[in-house]
Amino acid sequence: MSENSVTITDNRNGSQAEFEILNPVVGNSCIDVRQLNAKLGLFTYDPGFQATASCKSDITYIDGDEGILRYRGYPIEQLAEQSNYLETSYLLMYGELPTESQYREFEHSIKHHTIVHEALMQFINGFNNNAHPMAMMVGVVGALSAFYHDSLDISDPQHRDLSARRLLAKVPTIAALCYRHASGKPPVYPRNKLGYIENLLHMMFSFPSEDYLVSPIAARAMELIFVLHADHEQNASTSTVRLSSSSGANPYACIAAGIASLWGPAHGGANEAVIRMLEEISNPSEIPGYVKRAKDKDDDYRLMGFGHRIYKNHDPRATIIRKACNDLLDELEGINQPMFEIAKQLERIALEDDYFVERNLYPNVDFYSGIILKALDMPLNMFTVVFAMARTAGWISQWGEMMTDNEQRIGRPRQLYMGDELRDYVDIRQR
Ligand code: ACO
């Protein structure tokens, strides 16, 4: 019997089998249960994959108890402070920080893929003006697979790389076009002399009739949001991307599936929920009533943007973004809406009140990113789209990793069948 194994005994019949323990570089070890059915005729039952690793990955490491997030081994704090979104994307995709010439080549390539096929405009114009931009994103990003046939052979590394770069380059263009359409504004084409984030702000907020100066404070805050949201290991949308691509589906369709998953309120909708909560509170004098409700065991009401499923002591991203949020509110002129005062008071209460302190319910990254996006005049229905743009780097990196992983199989979970036993069909007149 190997020391690095566990033995499972089936107490119903005494049968036993040994299973190898797989050790990670850091983090939890895993029992390799791939032979469980063959050896013991059993499956594991784990809804929501709470205790199941679905893949091996070299990309992102999270320790929720310690509040650690690393991309390719680099602490998120260092990347947030010293890197930018494009460089971080390169790191996620290729595993190493780029040299200067690699970075220049990458930046040039991404900038020169920002334009979308003009016929895609017909898709966008086909949506009603009241269409949610995430609905448009799911459709239009998926539609890219109908336009770029020269990069759909997923067995070819060059095709895969081209698709990944196209996605990184075109998703912001599509997002901005969706927003412009939904708000009845004329489309704005990308400007290659601008940086990645500046270009996004330009495409969203400029008008053909006048020059638009991208505010450096706004660009910096947005850059930070993008770096902090670039990847978060095997969350629901990333797992969706992996599961859809496990069948050999093309990358554009798989990223569209990831966007669909992210759209769910339990995943990408939290920062939007923060602003809706602040709007509902509407006046600082109402705060005590809402806090009382949040603390009341018999009331389902929760303060949005507080607590986190994974980070139980602190969310490293929240610590980083909190400062950027405060700097932005201090520096932007005219930001004295009651909403931001309410946010500051709620933050203070959460950091001092015993109920929140005892349960480690500190403001999470969504609390601050929601406030930043609001302060940048980002429309509420674009909040999840911002998240989708940022997460594209993670999705394509995880997809690329999966494509070269020989151990990956088509995703095919098992089930615990709890339905009827065998029964005979009854004629409709006898039911
Ligand atoms: N406001 C008030 N009380 C809360 C809140 C909150 N936002 N969050 C948790 N609590 C309380 C719970 O009532 C519970 O109290 P109890 O121990 O007296 O029963 C305790 O804190 C622990 O809460 P759980 O629900 O067990 O924590 P869990 O890890 O399951 O939930 C979650 C985490 C879902 C994020 C939760 O904190 C929440 O609903 N927050 C608000 C929504 C939000 O901001 N979501 C985005 C987070 S992003 C993410 O988690 C992927």
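A Förster radius of 30 Å, combined with the Cβ-Cβ distance separating residue 327 from residue 130, puts the computed FRET efficiency at roughly 0.25.
Stokes-Einstein diffusion of the range 24-166 at 25 °C, 0.890 mPa s viscosity, Kirkwood radius from Cα pairs, rounded to a whole number: 127 µm²/s. Largest first, the three principal axis extents of the alpha carbons in the chain are 77, 65, 58 Å in whole numbers. Gain on full extension, evaluated as 0.36 nm per residue between residue 405 and residue 54 minus their Cα-Cα distance, stands at 125.1 nm. Peptides 4-16, 201-213 ranked from most to least packed give 201-213, 4-16, packing being the mean of other C-beta atoms within 10 angstrom over each peptide's residues. Over the chain, dividing the summed -39,500 (n - 2.57) contributions of all DSSP H runs of at least 4 residues by the number of residues returns a 222 nm mean residue ellipticity of -15000 deg cm²/dmol. Sorting 425-431, 306-312 by average packing, meaning the other beta carbons within 10 Å per residue, from highest down gives 306-312, 425-431.
When the charge dipole of the range 372-421 is built from unit charges on Cβ atoms (+1 for Lys and Arg, -1 for Asp and Glu) and taken about the Cα centre, the candidate among 408, 387, 372 whose Cα reaches farthest toward its positive end is 372.
Placing unit charges on the Cβ atoms of the charged side chains and taking the dipole of the chain about its Cα centre, the candidate lying farthest along the positive direction among 75, 318, 256 is 256. Full extension of the chain between residue 21 and residue 38 gives 4.4 nm of extra length, using 0.36 nm per residue less the Cα-Cα distance.
When both the range 311-388 and the range 241-279 are represented by their alpha-carbon centers, they are found 21 Å apart. Here the calculated FRET efficiency for residue 422 and residue 191, from their Cβ-Cβ distance with R0 = 45 Å, stands at 0.10, rounded to the nearest 0.05. For the chain, return all DSSP H helices satisfying: extent of Cα atoms along own axis at least 24 Å; mean Kyte-Doolittle hydropathy at least -0.5. TM-like helix candidates: 157-182, 383-403.
Only the coordinates and a few stated rules stand behind these numbers; no lab work does. Small disclaimer: the values here were computed from a predicted structure and weren't measured. Quick reminder, even Gly has a Cβ in these numbers, built from the backbone with ideal geometry, and neighbours come from all protein chains shown.
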